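Let me begin by presenting the structure, written as C-alpha cells, before commenting on it.
The values are calculated or read from the model by the stated rules, or taken from the named source; none is laboratory data. It should be emphasised that the depicted structure is a prediction, and the values quoted were computed from it without experimental measurement. Counting neighbours? That spans all protein chains shown, and the Cβs are built from the backbone with ideal geometry, glycine included.
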Amino acid sequence: MTSERKPAPRPAQKSLQHRTIAAAVAENLRHRILDGDFKAGLPLRQDALANEFGVSRIPIREALMQLEAEGLVKIHPHRGAIVSELSTGEVQELFELRSLLEPRLLKASARHLTRNDYETINQILREYSAELRANHVRRWGELNTELHMLLYRHAGQPRTLAIVANLLQECDRHTRLQLSLTDGMRRAETEHAELLRLCESGQIAAACSLLKKHIESAGNSLQAYLGSHQKADVSQ
C-alpha cells in the first residue's frame with residue numbers, strides 16, 4: 001500500500017494569494033490617501049509597507065500598481081511610488097470627460113429605470129444625506145459613485161459605462177475634497193434629488209441638462225479652490 005502524496009501548491013494558487021493580499025493592501029492605502037493621512041508627494045516605500053503589513057514586497061508592488069492605475073499614486077523609475085499631486089489641469093480634464101459622457105448615458109438609461117431602481121436610488125440619497133450631515137467623509141465618494149452608476153445602468157453602452165466607472169473612481173478623492181472644502185454639500189444634495197425627480201417625471205432632457213451643470217459646477221468649484229490654495233502656498 002503506497003502512501004498518497006499531497007500535491008504541491010500550484011503557482012496559480014500562490015499568485016491568487018498574492019492578488020488577494022494586494023487587494024487588501026490597496027484598499028487600506030487607498031483609504032489613507034483619500035482621507036488625507038498620506039499627503040500628496042509622500043513617498044510610499046515598499047520595504048516599509050511590507051514591514052508594516054507583514055507581507056512580502058510582491059503584493060505591495062501589485063497594490064501600488066493598482067493605485068497608480070487609479071491615479072492616486074505615481075511610480076517613478078528611480079524614486080519609487082509617490083502619492084499623486086492634485087492639479088487643476090487634472091481636475092478640469094476629469095470633470096470635462098464626465099460632463100461629456102454621463103449625460104449621454106443618462107439619456108439612454110433614464111427611460112428604462114424601474115420602480116425598484118428608483119427605490120434603491122432614493123435609499124442611497126437618504127444615506128448620502130445622513131453621511132453628509134454626520135461628516136463621514138469616507139462614504140461620500142463611494143455613495144456618489146453608486147448613485148450615478150445606478151442612474152446609468154440601463155444605458156446599454158458597456159464600454160462608455162466602464163470608462164465612466166473608472167472616471168468616478170479617479171474622482172473619488174476630488175469629490176470628497178469638493179464637498180468638504182467648498183460649499184458643495186448642500187448643492188449636491190439638492191441637485192441629486194432634483195435629478196431623480198426629473199427622471200421619474202419623464203423630463204429626461206432637463207435631467208441631462210442638470211446633470212451636465214451639476215458635474216461642471218463641481219469641477220469648477222474644486223478648480224477654483226485648488227487654484228487659490230496653490231497661490232496661497234506659493235506666496236507664503
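Okay, here's what the table says:
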quantity	calculated
Count - residues of region 127-150 that are modelled with pLDDT of 90 or more and more than 20 Å from the chain's Cα centre (by Cα)	0
Flag if residue 153 is within 20 Å of the chain's Cα centre (by Cα) and either outside the structural domain of residue 216 (by TED's automatic domain parsing) or outside any helix (DSSP H, G or I) (or both)	yes
Sole residue being assigned by TED's automatic domain parsing to the domain that holds residue 142, modelled with pLDDT of 90 or more and out of contact with any Gly (no Cβ under 9 Å at 6 or more places or on another chain), chosen from 42, 97, 49, 29	97
Residue pairs meeting the criteria (Cβ under 7 Å; at least 6 apart or on separate chains; first closer than 17 Å to residue 177 by Cα and among the β-branched types (Val, Ile, Thr), in region 91-103; second in a helix (DSSP H, G or I) and modelled with pLDDT under 95)	91/174; 91/219; 91/222; 91/223; 91/226
Unmet requirement for residue 207, which otherwise passes all of (1) surrounded by fewer than 18 Cβ atoms within 10 Å (Cβ to Cβ); (2) modelled with pLDDT of 95 or more; (3) over 25 Å from residue 84 (Cα atoms)	(1)
Residues that are over 20 Å from residue 173 (Cβ atoms) and of a type in the set (Gly, Ala, Ser), drawn from region 25-76	48, 50, 54, 56
Residues satisfying the stated conditions in region 156-190, i.e. in a helix (DSSP H, G or I) and more than 21 Å from residue 88 (Cβ to Cβ)	158, 159, 160, 161, 162, 163, 164, 165, 185, 186, 189, 190
Filter pass, residue 116 being more than 24 Å from residue 185 (Cβ to Cβ) and at pLDDT 95 or above	yes
Residues within region 50-85 that are surrounded by 14 or more Cβ atoms within 10 Å (Cβ to Cβ), within 20 Å of the chain's Cα centre (by Cα) and in contact (Cβ under 8 Å) with a residue 40 or more places away in the chain, tallied	11
When residues of region 105-119 are limited to those that are crowded, with 17+ Cβ neighbours inside 10 Å and either under 20 Å from the mean Cα position of the chain (by Cα) or of a type in the set (Ser, Thr, Tyr) (or both), the one nearest to residue 166 (Cα to Cα)	105
Given (1) touching a helix residue (DSSP H, G or I) at 6+ places or on another chain (Cβ under 9 Å); (2) modelled with pLDDT of 75 or more; (3) on the phi < 0 side of the Ramachandran plot, number of the condition residue 17 does not satisfy	(2)
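Residue-by-condition table, conditions (1) over 18 Å from residue 147 (Cα atoms); (2) assigned to a helix (DSSP H, G or I); (3) not hydroxyl-bearing (Ser, Thr, Tyr):
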{"site": "59", "(1), (2), (3)": "yes, yes, yes"}
{"site": "64", "(1), (2), (3)": "yes, yes, yes"}
{"site": "81", "(1), (2), (3)": "yes, no, yes"}
{"site": "91", "(1), (2), (3)": "yes, yes, yes"}
{"site": "102", "(1), (2), (3)": "no, yes, yes"}
{"site": "108", "(1), (2), (3)": "no, yes, yes"}
{"site": "121", "(1), (2), (3)": "no, yes, yes"}
{"site": "126", "(1), (2), (3)": "no, yes, yes"}
